[in-house]
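*Asks:* Please find one structure pasted underneath; my questions will follow.
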Amino acid sequence: MTIRFFGSEAEYAFAAVGVGGEAYPRDAALCRLMQRAGRRPHLRSRTHSGIYLENGSLLYIDCGHPEYATAEVTSPAEACRYIKAGEAILEELAEEVERASDIERVMISRSNVSYVPRATWACHESIGHR
């Protein structure tokens, strides 16, 4: 049996609310999210604007929303673990932003399916094969 490598990438809907209940500027909130991510163990990507997190996955901002790409794995169970780990990391980062800034609430939601024409939300897989 040939070992196949694959990974998953998910795009996340993102919004933030300021302490007064008003919408917080998305770019500023995303910047704070990435600053918090940069305080964790990581490696900067040489070819991408994102960072490789402590679990080997890539976190970056694309078209105004966060994207999370898992490290390459060899089983569906591993892929699921990395996806769930990414959700946990993003949840922790959102909580850190809320505690350390004038942002009252950060909302992040994985968007695997786009129901609207021309929307950018999706989930992608890459599978190595011959």
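*Asks:* Test THR74 against the criterion of being of a type in the set (S, T, N, Q) and open to solvent by 50 Å² or more (accessible area, probe 1.4 Å), and give yes or no. Steps first, please.
*Replies:* Working: of a type in the set (S, T, N, Q): yes; open to solvent by 50 Å² or more (accessible area, probe 1.4 Å): yes.
So THR74 fits the description; yes.
*Asks:* Has the range 79-91 got at least one residue that is open to solvent by 40 Å² or more (accessible area, probe 1.4 Å), at pLDDT below 95, farther than 30 Å from GLU104 by Cβ and part of a loop (DSSP other than H, G, I, E, B)?
*Replies:* No, because not a single residue in the range 79-91 is open to solvent by 40 Å² or more (accessible area, probe 1.4 Å), at pLDDT below 95, farther than 30 Å from GLU104 by Cβ and part of a loop (DSSP other than H, G, I, E, B).
*Asks:* With the requirement that a residue be part of a helix (DSSP H, G or I) and open to solvent by less than 10 Å² (accessible area, probe 1.4 Å), what does the range 95-107 give you? Spell out the reasoning first.
*Replies:* The initial filter retains those residues of the range 95-107 that are part of a helix (DSSP H, G or I), namely 95-99.
Hit for the range 95-107 is VAL97, nothing else.
*Asks:* Looking only at the range 44-71, filter to residues that are part of a loop (DSSP other than H, G, I, E, B) and β-branched (Val, Ile, Thr); which one of those is least open to solvent (accessible area, probe 1.4 Å)?
*Replies:* THR70
*Asks:* If a residue has to be buried (at least 18 other Cβ atoms within 10 Å of the Cβ), closer than 22 Å to CYS80 by Cα and of a type in the set (Gly, Ala, Ser) to count, how many in the range 1-43 make the cut?
*Replies:* Qualifying residue count, the range 1-43: 4.
*Asks:* Can you work out which of the residues in the range 1-32 that are assigned to a helix (DSSP H, G or I), touching a strand residue (DSSP E or B) at 6+ places or on another chain (Cβ under 7 Å) and hydrophobic (A, V, I, L, M, F, W, C) is farthest from GLU78 (Cα to Cα)?
*Replies:* This residue is ALA29.
*Asks:* Residue check: is ARG110 among the basic types (Lys, Arg), touching a helix residue (DSSP H, G or I) at 6+ places or on another chain (Cβ under 9 Å), open to solvent by 40 Å² or more (accessible area, probe 1.4 Å) and at pLDDT below 90?
*Replies:* yes
The values are calculated or read from the model by the stated rules, or taken from the named source; none is laboratory data. Bear in mind the structure is a predicted one, so any value in this text is a computation, not a measurement. Every residue, glycine among them, receives a Cβ derived from its backbone with ideal geometry; neighbour counts consider all protein chains shown. Note: accessible area is taken over every heavy atom of the protein model, side chains too, but ligands, DNA and RNA are not part of it. Shrake-Rupley method; radii C 1.70, N 1.55, O 1.52, S 1.80 Å.
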